[in-house]
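One structure below.
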Amino acid sequence: MPGLEETAPAGRATPPKEAGYEIEAQLRAGGAVRIAGLDEVGRGAWAGPVVVCAAVTDLTPPPALPGRGGRQVRLTDSKLLTEAHREAFAEVLPGWLTSYAIGSASPEEIDEAGMTIALRRAAVRALEALPEAPDMVILDGSNDFLGHPWRVRCEIKADQRSVTVAAASVMAKVHRDRLMAALEPAFPAYGFAACSGYPSPVHQKALEEHGPTPHHRMSWSYLDDLPQWRHLKKHRDPLAGEGQLSLI
């Protein structure tokens, strides 16, 4: 894949550290056989679903991309890769991974159930779509949002330390970015192809002028700053269980 754009993400001048198998090796030593890495994208967006990828590897070295000057671009957290490198990895990883699956939860589910429950739904959908259930799941971060019956290992910066989680990170990010870019023709003012539903000046201006689309999360606080559209905000009663929404 010669000629890939290699401009580093803002604030990073040196190549990112490649992910390894440190965490997976510890789990294998403890008896785990099928290890799934899990990562999510879209948690902080104002529009679009939250997406989770579950990835399983055979613990062989992951593919690398050709870089300038003979160097190679190694697999790591998707946020540390350029868009071009994420797209390139997303083309080669499916043929290398033992298996992977993607699950999502819609903006409506996020509004109705809250982000924690919606995130768990998306993760369970991804895990249950794998051809074989994993006996251990690596989660990026310190919060186990999966819980019983899944056996979970939470690790800070797992997307930079674990090949399995890094692969899930890339696949989830590229999948969701493509979903949001596909909305651009129908909602060109919002800049979804560029912002993926996250806050941006273009996105904020479109919300002020046109209001939220059917793809926006209607229970989120950004609506508090839009007097013209504030009446559309949905409020969830935390004591009433899932699915209890009202307009106030």
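The values are calculated or read from the model by the stated rules, or taken from the named source; none is laboratory data. The structure presented is a predicted model; accordingly, all values stated were derived computationally and were not measured. Cβ placement follows ideal geometry from the backbone for every residue including glycine, while neighbour counts extend to all protein chains displayed. In case anyone asks, the SASA skips ligands and DNA or RNA and just uses the protein heavy atoms, side chains included. Shrake-Rupley method; radii C 1.70, N 1.55, O 1.52, S 1.80 Å.
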Practice task
Work out how much length Ala189 to Glu128 would gain on full extension: take 0.36 nm times their residue separation and subtract the Cα-Cα distance, in nm to one decimal.
Solution key: 18.3 nm
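Counting only protein heavy atoms and a 1.4 Å probe, tell me what percentage of region 107-248's accessible area is made up of carbon and sulfur.
54 percent
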Problem - Highest-MSF residue in the chain out of Val41, Val170, Val33 [GNM, Cα springs under 10 Å] - result: Val33
Practice task
May I ask you to list the trypsin sites (Lys or Arg not before Pro) in region 14-110 that are in a DSSP loop and have at most 15 other Cβ atoms within 10 Å of their Cβ?
Solution key: Lys17, Arg34, Arg43, Arg71
Completion exercise
Hydrophobic long helices for the chain, i.e. whole DSSP H runs reaching 15 angstrom or more by Cα along the axis with Kyte-Doolittle mean at least 0.5, come out as 115-128, 163-181
Completion exercise
Length gained, Ala25-His231, 0.36 nm per residue minus C-alpha separation, equals 68.9 nm
Practice task
Give the long-range amide H neighbours of Val152: residues separated by 5 or more places, or on another chain, with amide H under 5 Å away, using H modelled in the peptide plane at 1.01 Å from N.
Solution key: Val137
Fill in the blank from the handout: Computed ³J(HN,Hα) along region 35-43: with the Karplus parameters 6.51/-1.76/1.60, θ = phi - 60°, integer Hz and x for glycine or proline, the list is 10, 9, x, 10, 8, 10, 8, x, 4
Completion exercise
Ranked output for segments 144-156, 50-62, 215-227 by mean other Cβ atoms within 10 Å, highest leading, reads 50-62, 215-227, 144-156
Fill in the blank from the handout: Expected max-MSF residue from Gly141, Gly95, Gly70 in the GNM of the chain (alpha carbon, under 10 Å) is Gly70
Handout entry: Difference of contour (0.36 nm per residue) and Cα-Cα distance, Ala182 to Arg43
Key = 48.1 nm
Completion exercise
Note to self, the chain gives a 222 nm [θ] from helices alone (DSSP H runs n ≥ 4, -39500 (n - 2.57) apiece, / all residues, nearest 500) of -9500 deg cm²/dmol
Handout entry: Theoretical FRET efficiency, 1/(1+(r/R0)^6), r = Cβ-Cβ of Asp58 and Lys17, R0 30 Å, to 0.05
Key = 0.85
